[in-house]
Each structure stands twice: as C-alpha cells, then as structure tokens.
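Worksheet for the structure shown next.
All of the numbers you see were taken from the coordinates with simple rules; none came from a lab. This is a predicted model, so every value here is computed, not measured. Reconstructed Cβ throughout: ideal geometry from the backbone, glycine too, with neighbour counts over all protein chains shown.
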Amino acid sequence: MATQPKANPIKGIWSVYDADLKSIAVFDTFLDYDATQESKVVTMPVEKGSFAGYNKVASPYDVTVRLARSGPPETLAKFITDLERFANGTDLVSVVTPHKVYTNANIESFKHGMKRESGVSMLVAELSLVEIRQVSANYKRVKRAGHKKPQDRGLVQAQKPRVAVLEAANKGVKAWAGIK
C-alpha cells in the first residue's frame, strides 16, 4: 500500500489524492472544505427519570470539499467524469490540507453545477466524503471441529422433543389430573 501524503503548511498542498498519491481530478482551485468529527456518549435510563452515561464512541469523520475547474466544455466534462469514477466506486482517497490529512475516506455524495456569478466556463464540484475505518478479521484455526470449545451464543433454536420427554410429560399430567 502506498504511503499517505503528508500535509505541508509551507507548500500549502490542497488536494484529494487516490491510493497512488495522484489527484483524483485536475482542478484549478480548492475553494473550501468543512470537516466534522463527532463522538456519542451512550446513556442508559436509571431510576426516577435520571440517566447514566457509560461510554463514548467516536463516529467516522465527514469532510465536504468544493473544487472549481474552468475551461471549455470538453475539459469540464473530463473533470466530471474523473470525479464520478471515484463517487461511484469504493476506492479510498485522502483529503490533504495544510492543517490536517484526512485518510481512508470514500466519496459518499457528489454535486456539481455552475452559477451565473462565475460564468459558464467555471464548474464547481462539491464532494462529501466519509471515513472508512479499516478492520481485519481475526480467525482462529482448530485442527478438528470437535476441538473447538463450545461458546454461549445466546438463545437456542427450538428443537423437537424426544419421545421419552413426551412420555414423561404425559405421565405427569395424568398423575396430576388423577387419570390412570
């Protein structure tokens, strides 16, 4: 895997890079970005309308980026096509600003348009990105299935009772009711 780009406040790097450290689209201006990082405190109701907070869970970050590209219609069409490829795919990207690098993000939504103030030769694209947390499965190998220790898995699926159990229940009911 390629190394992630580093933010460099001296150079002022602003871009959105793919895994190969290439900009996902050619643009003229990185207009702005907004980043949100939230955490939720889990609460549980207790007696008399009170509650207790007992854990804090960090949510994935969200970053919104606005990029501008000017040029003839063919250039703007290529800009849209390049961004759509990442918006429709599952590739991870990194948003690099002079202040922070947001890695392992995927484009969740993509908008683009033109405003009369900027003219018909400037296209503005807005990308909404969300963090994708990388996890790996941890599997344990056993030599034979019988060697694995049983685990409590919660509720047990109902099974058809054995004949001996039915007969014992029938005798118990008859004895209780006084039937021979």
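Observations
- Shown here are the Rg and Dmax of the Cα trace of segment 1-136, at 18.7, 67 Å.
- Looking at segment 85-135, the GluC sites (Glu not before Pro) that sit in a DSSP loop and have at most 11 other Cβ atoms within 10 Å of their own Cβ are GLU117.
- Percent of C-alpha pairs per 10 Å bin in segment 37-94, short distances first: 16, 27, 20, 14, 14, 8, 2.
- Trypsin sites (Lys or Arg not before Pro) within segment 80-124, DSSP loop, no more than 11 other Cβ atoms inside 10 Å: LYS115, ARG116
- Legend: ranking of residues PHE27, PHE110 from fewest to most surrounding C-beta atoms inside 10 Å; resulting order PHE110, PHE27.
- Whole-Å distance, taken between Cα centres, linking segment 11-72 and segment 99-127: 15
- Chymotrypsin sites (Phe, Trp or Tyr not before Pro) within segment 35-68: DSSP coil, no more than 15 neighbouring Cβ in 10 Å: none
- Net charge of the neighbourhood of SER59, taken over other residues with C-beta under 9 Å away and scored Lys/Arg +1, Asp/Glu -1, is -2.
- Extension gain for MET122-ALA68 works out to 18.8 nm (0.36 nm per residue, less the C-alpha to C-alpha distance).
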